[in-house]
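Notes follow the structure.
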Amino acid sequence: MLGKFFRNIIIATILSISVNCFSQKQYEFDYLIEYELHQYKDTIKIKNRSFFEKDIKRKKYYLTNSKRNNYTAVITDLDSLHYQMSFKDQEGILFNAKFLKSEFINTQYLSIDCQNITSYKNPFKYQTKNYAFSKLNDTVINGEPYGKYKLASNNMKKTKRMKLGTEFYVIDYKTSFHLPILDFSTAYEEWKQDGKLPNGIFLEKYFVDYYGHLDSKEKLISFKKVDKKILIDSDCDYTVKN
């Protein structure tokens with residue numbers, strides 16, 4: 001009788017563990033991509049945009065899934081010991097979290113508390129009718145051709161009124177195994193709608209403001225295969241609730 005009691009406890013414990021495992025949402029990542037981000041000194045203040053009084057250079061990392069680009073984690077240095085991670089799932093989840101650098105480097109599974117997670121819904125989906133990707137002539141670097149594309153407003157009156165800039169992408173054709181990395185929601189929605197931007201890791205991404213000034217540039221340093229996962233509780237899986 002006592003043996004049956006303990007057997008039932010063991011079975012209940014196993015079931016409890018199984019339920020807890022299956023009640024988590026898991027995001028999988030297979031690439032860590034490193035860039036140098038250069039934000040250039042501004043000379044003109046533009047509404048709704050940060051103003052930089054001097055040039056700033058820093059490292060920026062993308063934790064990505066090469067086969068799914070609806071979610072991306074962007075990682076920057078917070079201080080000498082910590083990374084800051086900004087995560088967005090275009091289908092409904094947003095969070096910011098910090099990790100010890102040693103923890104991030106050495107841990108395969110990263111768990112995020114629900115208190116750090118918020119629901120996300122792109123309020124500018126309608127903007128896809130006002131923006132479009134365009135293919136430009138290939139650019140040649142060290143004898144190798146790279147695809148060049150831009151994302152810009154197709155509404156000239158709005159461009160002039162709101163002083164809108166243009167984002168440029170230089171894409172490495174040899175990395176066509178990777179879907180485009182589009183953490184900017186309007187760019188993601190536009191790609192999803194028209195599919196004009198080809199697969200590939202961008203060698204460079206840069207933004208030119210309305211006045212023709214280079215505002216910021218990301219330049220590829222390296223990329224490598226990884227096996228990392230982010231876990232969140234099903235209670236804060238807003239992709240289901242949305």
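For region 39-138, the Cα gyration tensor yields ellipsoid semi-axes of 27, 22, 16 Å (square root of five times each eigenvalue, largest first, whole Å). Each Lys or Arg adds one and each Asp or Glu takes one away; over the other residues whose Cβ falls under 10 Å from the Cβ of Asp77, this sums to +3.
What base-10 log of the normalised intensity I(q)/I(0) is obtained for region 101-184 from the Debye formula, alpha carbons as equal point scatterers, at q = 0.21 Å⁻¹? For region 101-184 at q = 0.21 Å⁻¹, log10 I(q)/I(0) is -1.04. Cα extents for region 79-149 along the principal axes, largest to smallest and rounded to whole angstrom: 45, 38, 22. Entry note, the chain: the mean residue ellipticity at 222 nm calculated from DSSP H runs of n ≥ 4, each adding -39500 (n - 2.57), is -5500 deg cm²/dmol after division by the residues and rounding to the nearest 500. Expressed as a fraction of 2.2 N^0.38 Å, the value expected for a compact globular protein of N residues, the C-alpha radius of gyration of region 118-242 is 1.22. Site pair Asn137 and Lys60 shows an inter-label distance of 2.8 nm when each label is modelled 7 Å from Cα along Cα→Cβ.
Distance between the modelled labels on Lys150 and Asn116, one decimal in nanometres: 3.9 nm (7 Å Cα→Cβ projection). Only protein atoms count toward the accessible area here, which uses a 1.4 Å probe; on the chain, the carbon and sulfur part of that area reaches 53 percent.
Using C-alpha pairs under 8 Å with a sequence gap of at least 6, the mean separation divided by the residue count of the chain gives a relative contact order of 25 percent.
Rg ratio for the chain: its Cα radius of gyration over 2.2 N^0.38 Å, N being its residue count, equals 1.21.
Distance from the C-alpha centroid of region 157-213 to that of region 120-148: 3 Å, rounded to the whole angstrom. Look at the alpha carbon pairs under 8 Å that are at least 6 residues apart: their mean separation over the length of region 122-242 gives a relative contact order of 21 percent.
Value of Rg to Rh for region 30-96, rounded to two decimals, is 1.04; Kirkwood radius and Rg both from alpha-carbon coordinates. Computed with a 1.4 Å probe over protein heavy atoms only, the accessible surface of the chain comes to 58 Å² per residue.
For Glu189, what charge total do you get from the other residues with a beta carbon under 15 Å from its beta carbon, if Lys and Arg give +1 and Asp and Glu give -1? Local net charge: 0.
What net charge do the residues around Leu231 carry, taking every other residue with its C-beta under 13 Å from that of Leu231, with Lys and Arg at +1 and Asp and Glu at -1? It would help to have the intermediate numbers written out before the result.
Details: positive: Lys25, Lys228, Lys229; negative: Glu28, Asp113, Asp233, Asp235, Asp237.
That sum, taken over residues with Cβ under 13 Å, equals -2.
The values are calculated or read from the model by the stated rules, or taken from the named source; none is laboratory data. Just so it is clear, the structure is predicted and the values come from calculations on it, not from any experiment. Every residue, glycine as well, gets a Cβ built from its backbone with ideal geometry; the counts of neighbours run over all protein chains shown. Side chains are part of the model used for accessible areas, which takes the heavy atoms of the whole protein and leaves out ligands, DNA and RNA. Shrake-Rupley method; radii C 1.70, N 1.55, O 1.52, S 1.80 Å.
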